[in-house]
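The values are calculated or read from the model by the stated rules, or taken from the named source; none is laboratory data. Here the structure is a predicted model, which means the values were calculated and not measured. Note that we place each Cβ from the backbone using ideal geometry, even for glycine, and neighbour counts take in every protein chain shown.
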Amino acid sequence: MYSNNQFRITLKFLSPKEIEDIVSSLKTKDSHGYDGISTKIVKQSIPYISSPLNYICYLMISTGIFPTRLKFSEIKPLYRKGEMTNISIYRSISLLISFLNIFEKIIFTRLIHHLDYNHILADEQFGFRTKSSTDLASYKLINVVLTSLNNKLLVGSVFFFFLIYKRLWLC
């Protein structure tokens, strides 16, 4: 049974040093969103902007309000190969602003910490967790099946696969 404390998330505030660490972990790219600021520029200017970013993050966490301007993205068609006049060969990409990646990582780390600390996620949840992978999920599944078969137990499973074809997205 879950206690009320498990559903009450207390997000710890961060420091400019944590923001600098997050920015240094981002991939250096020249691409940018509608603001024209790439991660390359953010990385170069982080000693000067880490304190203001820290304050903005403090306001976001303390008020629970996510800035509306960060919810926008620039969507551009990306040419693959083939006839350039054929619209169906292009795929759309969404260019987000660099600061969104920083805020996402901050919230993600705090949310995962809350879920792990309160043991909310099942042990069988492998996605989006550190020290976890599809290889580990496959190994555990095979191990359980083989152990059960060795113990002469009846083993059955149901798998659901959701396949979405490109044609469905183009309609």
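Would you be able to tell me the number of residues in region 78-106 that are within 30 Å of residue 61 (Cβ to Cβ) and either of a type in the set (Phe, Trp, Tyr) or not in a loop (DSSP other than H, G, I, E, B) (or both)?
Let us first name the residues in region 78-106 that are within 30 Å of residue 61 (Cβ to Cβ), namely 93-106.
From the residues that got through so far, the ones that are either of a type in the set (Phe, Trp, Tyr) or not in a loop (DSSP other than H, G, I, E, B) (or both) too are 93-95, 98-106.
So the answer is 12.
What are the residue pairs meeting all of these: first residue in region 7-29, first residue closer than 16 Å to residue 59 by Cα, second residue β-branched (Val, Ile, Thr), Cβ atoms under 7 Å, and 6 or more apart or on different chains?
Listed pairs, sorted by first residue: 11/61; 13/61; 14/106; 19/102.
Do we find a residue being of a type outside the set (A, V, I, L, M, F, W, C), over 30 Å from residue 9 (Cα atoms) and either in contact with a strand residue (DSSP E or B) (Cβ under 6 Å, 6 or more places away or on another chain) or free of Cβ contacts under 8 Å to residues at least 60 places away in the same chain (or both) anywhere in region 55-68?
The first filter runs over region 55-68 and keeps only residues of a type outside the set (A, V, I, L, M, F, W, C), leaving 55, 58, 62-64, 67-68.
Now drop any that are not over 30 Å from residue 9 (Cα atoms), which leaves none.
Within region 55-68, none of the residues are of a type outside the set (A, V, I, L, M, F, W, C), over 30 Å from residue 9 (Cα atoms) and either in contact with a strand residue (DSSP E or B) (Cβ under 6 Å, 6 or more places away or on another chain) or free of Cβ contacts under 8 Å to residues at least 60 places away in the same chain (or both).
I want to confirm something. Restricting to region 111-131 and keeping residues that are surrounded by 13 or more Cβ atoms within 10 Å (Cβ to Cβ) and over 20 Å from residue 61 (Cβ atoms), which single residue is modelled with the highest pLDDT?
Initially, region 111-131 is screened for residues surrounded by 13 or more Cβ atoms within 10 Å (Cβ to Cβ), giving 111-115, 118, 121, 126, 129.
In the following step, the residues that additionally are over 20 Å from residue 61 (Cβ atoms) were identified as 121, 126, 129.
On the way: 121: 82, 126: 78, 129: 77.
Checked region 111-131; the qualifying residue modelled with the highest pLDDT is 121.
Given the conditions (1) surrounded by fewer than 16 Cβ atoms within 10 Å (Cβ to Cβ); (2) farther than 22 Å from residue 32 by Cβ; (3) among the β-branched types (Val, Ile, Thr), and given that residue 61 satisfies all but one, which numbered condition is not satisfied?
Here residue 61 clears every test but (1).
Determine which member of the set 82, 36 is modelled with pLDDT under 85 and on the phi > 0 side of the Ramachandran plot. Write out each step before concluding.
Working: 36 fails: modelled with pLDDT under 85.
Only one candidate passes the filter, namely 82.
Count, please, the residues in region 132-152 that happen to be in a loop (DSSP other than H, G, I, E, B) and either in contact with a Gly (Cβ under 9 Å, 6 or more places away or on another chain) or surrounded by 11 or more Cβ atoms within 10 Å (Cβ to Cβ) (or both).
Kept after step one, since they are in a loop (DSSP other than H, G, I, E, B), are these residues of region 132-152: 132-133, 151-152.
Filter once more, so that each one left must be either in contact with a Gly (Cβ under 9 Å, 6 or more places away or on another chain) or surrounded by 11 or more Cβ atoms within 10 Å (Cβ to Cβ) (or both): 132-133.
Total meeting the criteria: 2.
Yes or no, residue by residue, for (1) basic (Lys, Arg); (2) farther than 14 Å from residue 101 by Cα; (3) outside any helix (DSSP H, G or I):
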{"site": "29", "(1), (2), (3)": "yes, no, yes"}
{"site": "32", "(1), (2), (3)": "no, no, yes"}
{"site": "40", "(1), (2), (3)": "yes, no, no"}
{"site": "49", "(1), (2), (3)": "no, yes, no"}
{"site": "60", "(1), (2), (3)": "no, yes, no"}
